[in-house]
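These notes concern the structure reproduced below.
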Amino acid sequence: MEKNHKEESEDVTKYGEFVTSYFAWIPTEKQKDIVKKLEKLLIELKSENINMCIETSLFAPKEMLEIAIKYIDEFIVDVKILDKDICKKVLGGNINNFYQNLDELFSKKKNITIRIPVTKEFTFNEKEDIINLLKKHSPKKVEIFKIHNLAEKKYDILGMKINKFQNITND
C-alpha cells in the first residue's frame, strides 16, 4: 500500500480512513470531508441517546479530536511508545501531537481509559515516562496487558505487515 505524504505537515500525523478501511492512507483534505460526514452521523447517534466509545492512538489532528470530543462519551487511549523518534519510526506517530491531544481530552473531563500494551522492546523500557504520564493525568481507569494477536486479521485483510513484539515473561 503506497503512502502519499505530500500533504502532511511536520506536526500532524497522517491518519487513516477509519470508517471504511482502517489505516488506508488518504490525503488530509479527503480526511476532513470524511470527518464532516462522520460528524453528521455522530450528531444523529447522539440525538438517539446512543453512547459512543472509541479506541484511539490520539495521533489525529487536533481539529478531528475537537469534533470527537463533542460527541464521544468515552475514549480508550492506547499508550504504546512515548519516545519521539521511535514513535515516529514504528507507529508513524507524532508524540507531541499525542501529548497535546491527551492534555485536551483530560481538560474536557472526558471518560478516559488508558491502555498500555506491555512489550519488552518499548513500554517496558519507558516505565518512568508512563508513570509520569499517569501521575500527571490520574486517569480513573488503566488497563495494562500483554501483547495479543487481535489485530492480525485486520492487517492481513489490509495487506499490511504487522509489527511483532516480545511479551514480558517471568524470567
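Can you name the residue in the range 45-78 that is of a type in the set (Gly, Ala, Ser) and surrounded by 12 or more Cβ atoms within 10 Å (Cβ to Cβ) and is also modelled with the highest pLDDT among such residues?
As a first pass, look at the range 45-78 and keep what is of a type in the set (Gly, Ala, Ser): 47, 57, 60, 68.
This time we only want the ones that are surrounded by 12 or more Cβ atoms within 10 Å (Cβ to Cβ), so: 57, 60, 68.
Numbers: Ser57: 85, Ala60: 81, Ala68: 89.
Result: Ala68.
Could you please let me know if Thr113 is of a type in the set (Ser, Thr, Tyr), touching a strand residue (DSSP E or B) at 6+ places or on another chain (Cβ under 7 Å) and modelled with pLDDT of 80 or more?
yes
Quickly run through the range 46-73 and pick out the residues that are among the β-branched types (Val, Ile, Thr) and within 12 Å of Leu105 (Cα to Cα).
Scanning the range 46-73 gives Thr56, Ile67, Ile69, Ile72.
Restricting to the range 1-44, what's the tally of residues that are at pLDDT 85 or above and closer than 24 Å to Asp103 by Cβ?
Qualifying residue count, the range 1-44: 3.
Hey, among Ile86, Ile116, Ile112, Ile81, which residue is assigned to a loop (DSSP other than H, G, I, E, B) and either buried (at least 16 other Cβ atoms within 10 Å of the Cβ) or touching a Cys at 6+ places or on another chain (Cβ under 8 Å) (or both)?
Ile81
Only one residue in Leu158, Leu134 is farther than 19 Å from Ala68 by Cβ, among the aliphatic types (A, V, I, L, M), surrounded by 14 or more Cβ atoms within 10 Å (Cβ to Cβ) and modelled with pLDDT of 65 or more, so which one is that?
Leu134
The values are calculated or read from the model by the stated rules, or taken from the named source; none is laboratory data. Small disclaimer: the values here were computed from a predicted structure and weren't measured. As a convention, Cβ positions derive from the backbone with ideal geometry for all residues, glycine included, and neighbour counts pool all protein chains shown.
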